[in-house]
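Worksheet for the structure shown next.
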Amino acid sequence: MDKVLLVARWEFMRNFKWKQEAIGYFLMLLIYAAIFAVQMWSQSSTQKTVNLAVIGQLQTELSSKFVLTSMDDNIEQQFIFEKITELSLDGVLKVTQSDNFTLYISQQSVWQQELEQALIADQKDALLRTMDISPEQLEKLQNPISMTLVNQAEEVVGSSVKILGLLAAILSAMAVFTSFGLSLTSVTQEKQHRITEQLLTCINHQQWVDGKALGLCLSSIKSLVTTCLMMAIVFTGIAVFSDGAGESMNVSVTVVIQILLFCVLGVLFWNYVFVGFAATIDDPNHSGKTGLMLLPMLPVMLVFMVMGEPNGQVAKVLSLVPLTSISFMPMRIASMSVPIWQVGLSLVFLLAGVYYVRLFATRVFRANITLFGKEPDWADIWRSMLKSSS
Amino acid sequence: MQLSVNQIRKQYAEMLAVDDLSFEVKSGEIFALLGPNGAGKSSTIRMLIGLTYPDTGEIVFSIDKGQTKTQLVSADFGYLPEERGLYQETNIQDTLVYMGQLKGMTKSDALQQTDVWLTSFDLIERKKDQLKTLSKGNQQKVQLISAIIHRPKIVFLDEPFSGLDPVNQEKVIAFLQLLKHQGTTIILSAHQMSLVEKLADRFLLMNEGKATLYGSIKDIREAAQLGTKLTVTFSEKVVIESFELTEQVVQVSSIDSHNIQFTLAPQCHVPRFLQTMLAEHQIESLQTAQPSLHDIYINSVKGAA
């Protein structure tokens, strides 16, 4: 066990480059700050007044932002743009009918949308008056009924937990993909640098695989935690600057623990798969096996398909199968009160899945880690998976 | 620690890598496995350290007080593989401490030994550098340190001189002699015959998985049946064609117009041969030499081919 922890610590520390991470996150914060600053700047520098010449009779009363002047009705279109330059106008509005306008401009700007919205609103009011419909009646027409959803599950799991479920699914998918990259680099580098034989005189294959899977799992979860912290910082920052009160998260602690448990076990499950399969790859740049990365995408994609029906048959069954329970059970836990026996059974199956994937991954790893040159094909991998060490 | 190998055999698919091989390695000696590429040296070493297992036969390690075991634990031995490398982007100290810890050392002990060995190899100033920043020779030194950092009782070195320049080869020889002086048993394979000849106590020459010659250099010379080499300096100019190959002379080669080298057959009576030569030529001087390990090696491989 000491050697497993030693390998795990080594793998974790190899990927823990705090200087690069600090620089990366500092740059990310800088980018967020720059986006925010540019947005504020853009808002503050929006045009205060708009000089607009009107051809024809404008019935609508515009805001004081628009300074209106009249223009000769008979002016020909080809001279309108000359007038815009000559009189330093922002635009010329030609009123053909009460509901038909042409706007001549020399450049695009935000005020043009504001003008259009004001004209639409005014025309809408005029139409309502003609039809003798009050604004209340219009509202009723647009929303004929009102229905409030009272979900018992929200009482049990918390009202904000749905967001957490979605977040957990996305973040665990991110952690799985991070694991893929890390394990591929870690194992193939050791193969390419011919460190394998030296290590095998110190540790056995099982210790090596366990240590790697554990260390890389920790690295992925560390990335996940730091990403969450960054997101929390950014959202807090946005809430503070946008003067929003920031809704407090109403989430049950038990639910959070259950979701995290599935996430961690799921990432560990996939790390074993990746470590085993990475041993079959000599050069990741020229290997056809990197397509394996698509496999963990499957449960993530499937979960989005059944998100609206967390208690349906598909969601129920797939939340028990180890390969898909990683995404499905957190989604169900986040959306409803899942019977405890289902959570327990899923957890037992997932633990069994981790045990067996560990076993098979080690067999594949053992058969391939010291082989160089020709990569094994899928049939070879399948055979090595079935072959026990004895 | 002593080692006894009895009739081991290893087959990979269609290829018989090691065939009925037996030998012994005494405690504290330097033992060299020699042979051409594909002779089975690396396969033998890999079986000795337990990376692979013989199909048949037995490997027994004798420890102190008559205790024996058939497989070593990682703390007992050091191994430098033929195809070797270490973590290129990790600093040298961290890598050596990690390897030491994997072999059962405490962190403080591994740190201390790292400093000791890096100092003796003039690399202590570079201990915080990444391995990839070192020259190839210096990288080899770090790899050698990683194999012996835990002070093993027995060390297996597969081609320890490959890729080293003459200066670094001498340093490695000195390092191996130091290890031997400390009581470590060393088993190595190599192609550099002149280096191995002055370093090893005993040898095993292999070809096609089998032992062809085995023992000390004296035993091997006797078994190889290669006669003395005689370099004769003549007073007058001579041409090589005037000397014929006979049962007494197996090879004649010209060094220059006055110097000719004769490789004599083991049964050749040297005084009688010289008498015959003196009847026809005037000899200024002569030198005799025993066949080198290189000659024996080449002869052994040629004979098997």
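The values are calculated or read from the model by the stated rules, or taken from the named source; none is laboratory data. Computed from a predicted model, the values in this text were never measured in an experiment. In this analysis, Cβ positions are derived from the backbone assuming ideal geometry, glycine residues included, and neighbour counts consider all displayed protein chains.
Worth pointing out:
- Inside region B:142-170, residues that are part of a helix (DSSP H, G or I) and either surrounded by fewer than 19 Cβ atoms within 10 Å (Cβ to Cβ) or without any contact (Cβ under 8 Å) to a residue 40 or more places away in the chain (or both) make up a count of 5.
- A single member of A:ILE281, A:ILE259 is in contact with a Lys or Arg (Cβ under 8 Å, 6 or more places away or on another chain) and of a type in the set (A, V, I, L, M, F, W, C), and it is A:ILE281.
- Inspection of region B:120-139 identifies no residue that is within 10 Å of chain A (Cβ to nearest Cβ), modelled with pLDDT under 90 and under 22 Å from the mean Cα position of the chain (by Cα).
- When restricted to residues that are surrounded by 15 or more Cβ atoms within 10 Å (Cβ to Cβ), under 16 Å from B:VAL250 (Cα atoms) and of a type outside the set (Lys, Arg), region B:212-232 contains 7.
- Only listed residue being among the acidic types (Asp, Glu), touching a helix residue (DSSP H, G or I) at 6+ places or on another chain (Cβ under 6 Å) and either surrounded by 15 or more Cβ atoms within 10 Å (Cβ to Cβ) or facing chain A (nearest Cβ under 10 Å) (or both), chosen from B:GLU89, B:GLU82, B:GLU24: B:GLU82
- Among the conditions (1) within 14 Å of another protein chain (Cβ to nearest Cβ); (2) of a type in the set (D, E, K, R); (3) loosely packed, with under 10 Cβ neighbours inside 10 Å, the only one that A:LYS48 does not satisfy is (1).
- Some residue of region B:261-277 being crowded, with 16+ Cβ neighbours inside 10 Å, aromatic (Phe, Trp, Tyr) and assigned by TED's automatic domain parsing to the domain that holds B:THR44: no
- Test: residue in region B:179-189 that is within 30 Å of B:ALA265 (Cα to Cα) and not in a strand (DSSP E or B): no
- Near pairs, Cβ below 7 angstrom, 6+ apart or cross-chain, from region A:183-200 (closer than 27 Å to B:ASP76 by Cβ and within 8 Å of chain B (Cβ to nearest Cβ)) to any residue that is among the hydrophobic types (A, V, I, L, M, F, W, C) and outside any helix (DSSP H, G or I): A:HIS193/B:LEU86; A:ILE195/B:LEU86; A:GLU197/B:LEU51; A:LEU200/B:LEU51
- Exactly one residue out of B:THR276, B:THR288 is outside any strand (DSSP E or B) and among the β-branched types (Val, Ile, Thr): that is B:THR276.
- Residues of region A:8-19 that are out of contact with any helix residue (DSSP H, G or I) (no Cβ under 9 Å at 6 or more places or on another chain) and within 12 Å of chain B (Cβ to nearest Cβ): A:LYS17 alone.
- Hits in region A:1-51 - residues which are in contact (Cβ under 8 Å) with a residue 60 or more places away in the chain and under 30 Å from A:GLU114 (Cβ atoms): A:TYR32, A:PHE36, A:THR46, A:GLN47, A:VAL50
- For first residues located in region B:264-289 and over 26 Å from B:GLN225 (Cα atoms), partners that are aromatic (Phe, Trp, Tyr) and lie 6+ apart or on another chain with Cβ distances below 9 Å form the pairs B:HIS281/B:PHE234; B:GLN282/B:PHE234; B:ILE283/B:PHE234; B:GLU284/B:PHE234.
- The sole residue among A:VAL348, A:VAL303, A:VAL354, A:VAL314 that is among the aliphatic types (A, V, I, L, M), more than 14 Å from chain B (Cβ to nearest Cβ) and touching a Ser or Thr at 6+ places or on another chain (Cβ under 9 Å) is A:VAL303.
- Among the residues of region B:46-66, those that are at negative phi, within 14 Å of chain A (Cβ to nearest Cβ) and in a loop (DSSP other than H, G, I, E, B) comprise B:ILE49, B:LEU51, B:THR52, B:TYR53.
- Single residue of B:SER74, B:SER108, B:SER43 found to be within 10 Å of another protein chain (Cβ to nearest Cβ) and either surrounded by 15 or more Cβ atoms within 10 Å (Cβ to Cβ) or in a helix (DSSP H, G or I) (or both): B:SER74
- Some residue of region A:258-274 being among the hydroxyl-bearing types (Ser, Thr, Tyr), at pLDDT below 90 and surrounded by 14 or more Cβ atoms within 10 Å (Cβ to Cβ): no
- Residue list for region B:96-105, filter: more than 9 Å from chain A (Cβ to nearest Cβ), in contact with a Ser or Thr (Cβ under 8 Å, 6 or more places away or on another chain) and closer than 15 Å to B:GLY78 by Cβ: B:LEU96, B:GLY100
- Matching residues in region B:284-305 - criterion: being over 28 Å from the mean Cα position of the chain (by Cα) and surrounded by fewer than 14 Cβ atoms within 10 Å (Cβ to Cβ): B:GLU284, B:SER285
- Test set (1) within 13 Å of chain B (Cβ to nearest Cβ); (2) touching a helix residue (DSSP H, G or I) at 6+ places or on another chain (Cβ under 8 Å) - A:ASP210 fails condition number: (1)
- Residue within region A:126-149 that is free of Cβ contacts under 8 Å to residues at least 12 places away in the same chain, under 27 Å from A:GLN47 (Cα atoms) and not in a loop (DSSP other than H, G, I, E, B) present: no
- Annotation note: of B:LEU48, B:LEU33, B:LEU16, the sole residue that is under 19 Å from B:ARG151 (Cα atoms) and in the same structural domain as B:TYR79 (by TED's automatic domain parsing) is B:LEU48.
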